[in-house]
Amino acid sequence: MAGKVVLVTGGTGGIGKATAIGLAALGARVGITGRDLTRTEQAAAEIRSASGNPDIDGFAADMSSQAEVRRLAVAVLDAYPRLDVLVNNVGGFWAHRHSTADGLEHTFALNHLASFLLTNLLLDRLKASTPARVVNVSSHVQAEGRIDFDDLQGGRAYSGQAAYSQSKLANVMFTNELASRLEGTGVTANSLHPGVVRTSFGAEDQAWLFTVVSQVVLSFLKTPTQGAQTSIYLASSPEMDGVTGQFFANKKVKTANKVANDPAMTARLWQASADLVGMKAAIS
Ligand SMILES: NC(=O)c1ccc[n+]([C@@H]2O[C@H](COP(=O)([O-])OP(=O)(O)OC[C@H]3O[C@@H](n4cnc5c(N)ncnc54)[C@H](OP(=O)(O)O)[C@@H]3O)[C@@H](O)[C@H]2O)c1
């Protein structure tokens, strides 16, 4: 990965930080994002130390806000004349419904719309850096996800689990639609399940059951380093050259929710997402 530039969103902790360490150890210049500047710079210093690579940059932005995502994209475009890999890793679980600065439901806004908007804002730079890759961190719960086009914001009845599964299915649908729109450009897009990993996942707003279960199963979970392996593989392996529109777990292609392979549904989600971020639906 020497000479390559990678951006990992949500790189201050958990799977994202382990992904950044792994890619930095392979020689890439790595940018990470997090909400808080001090925490982001601290994480960048830890990634430098753990990887032995000095070329780590921290970008602070609250990605639940579209204005902040736009500001982040400008900072990244200013800092990086080329961008070889974008790892859309940021995400989380919230047991209760929260609204973002844009008045949107937080899980959908952060887990899906932030990655959708950031990718589109960085797309020309990725196209100018081909061969380039977009890697989207989804989850195995995409299989039970359902996109409720009549209530994408969970305004009628919110369940943390349903909102999370919907957002993770949206990650896979976005990936597949992006892959098809990018056919022939030299930019690939794939999604993945990292495994069930011991991180700060869900800690900001836990469900009671989640707390009890997580205490019981904690010792069986993957470490962040183990959980980062499929992201690192999709971002860096020569075996992934030209592979696009696939869903992976444990570095192997897996069958995704059939909705994610339905072009009418993925196009419909793309249009709804473009409307929610105030963007034209077509890739120019
Ligand atoms: N852990 C699992 O078992 C598991 C399983 C399947 C899929 N996943 C997926 O893996 C990805 C990473 O999860 P994780 O377990 O590593 O979670 P984590 O430990 O909670 O890390 C989340 C990262 O996202 C950042 N972040 C959170 N809210 C943000 C916001 N509003 N703006 C900008 N950055 C924000 C955090 O940074 P700051 O707090 O510093 O802002 C942190 O770097 C997520 O997409 C998750 O859905 C996780």
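Things worth noting here:
- Single match in Gln206, Gln161, Gln153 (criterion: within 16 Å of the ligand (Cβ to nearest atom), assigned to a loop (DSSP other than H, G, I, E, B) and surrounded by fewer than 22 Cβ atoms within 10 Å (Cβ to Cβ)): Gln206
- Ala114 of a type in the set (Gly, Ala, Ser), over 20 Å from Gln246 (Cα atoms), within 16 Å of the ligand (Cβ to nearest atom) and buried (at least 22 other Cβ atoms within 10 Å of the Cβ): yes
- Residue in segment 128-136 that is open to solvent by less than 40 Å² (accessible area, probe 1.4 Å), out of contact with any Leu (no Cβ under 6 Å at 6 or more places or on another chain), within 16 Å of the ligand (Cβ to nearest atom) and farther than 12 Å from Ser273 by Cα present: yes
- Residue in segment 184-191 that is at negative phi, part of a helix (DSSP H, G or I) and either out of contact with any Asp or Glu (no Cβ under 8 Å at 6 or more places or on another chain) or without any contact (Cβ under 8 Å) to a residue 60 or more places away in the chain (or both) present: no
- Flag if Ala20 is touching a Lys or Arg at 6+ places or on another chain (Cβ under 8 Å) and surrounded by 20 or more Cβ atoms within 10 Å (Cβ to Cβ): no
- Test result for Leu83, hydrophobic (A, V, I, L, M, F, W, C) and in contact with a Lys or Arg (Cβ under 8 Å, 6 or more places away or on another chain): yes
- When Thr119, Thr38 are checked against the criterion of being of a type in the set (S, T, N, Q) and over 17 Å from the mean Cα position of the chain (by Cα), a single residue qualifies: Thr38.
- Scope segment 172-188; condition polar (S, T, N, Q), open to solvent by 10 Å² or more (accessible area, probe 1.4 Å) and over 16 Å from Ala264 (Cβ atoms); matching residues: Thr185, Thr188
- Tallying residues that are in a helix (DSSP H, G or I), hydroxyl-bearing (Ser, Thr, Tyr) and open to solvent by 80 Å² or more (accessible area, probe 1.4 Å) within segment 224-268 yields 1.
- Scanning segment 184-219 for residues that are at pLDDT 95 or above and under 23 Å from Lys252 (Cβ atoms) turns up Val187, Thr188, Ala189, Asn190, Ser191, Leu192, His193, Pro194.
The values are calculated or read from the model by the stated rules, or taken from the named source; none is laboratory data. Note that the structure is predicted; figures quoted are calculated from it, not measured. Cβ: placed from backbone, ideal geometry, glycine included. Neighbour counts: every protein chain shown. In case anyone asks, the SASA skips ligands and DNA or RNA and just uses the protein heavy atoms, side chains included. Shrake-Rupley method; radii C 1.70, N 1.55, O 1.52, S 1.80 Å.
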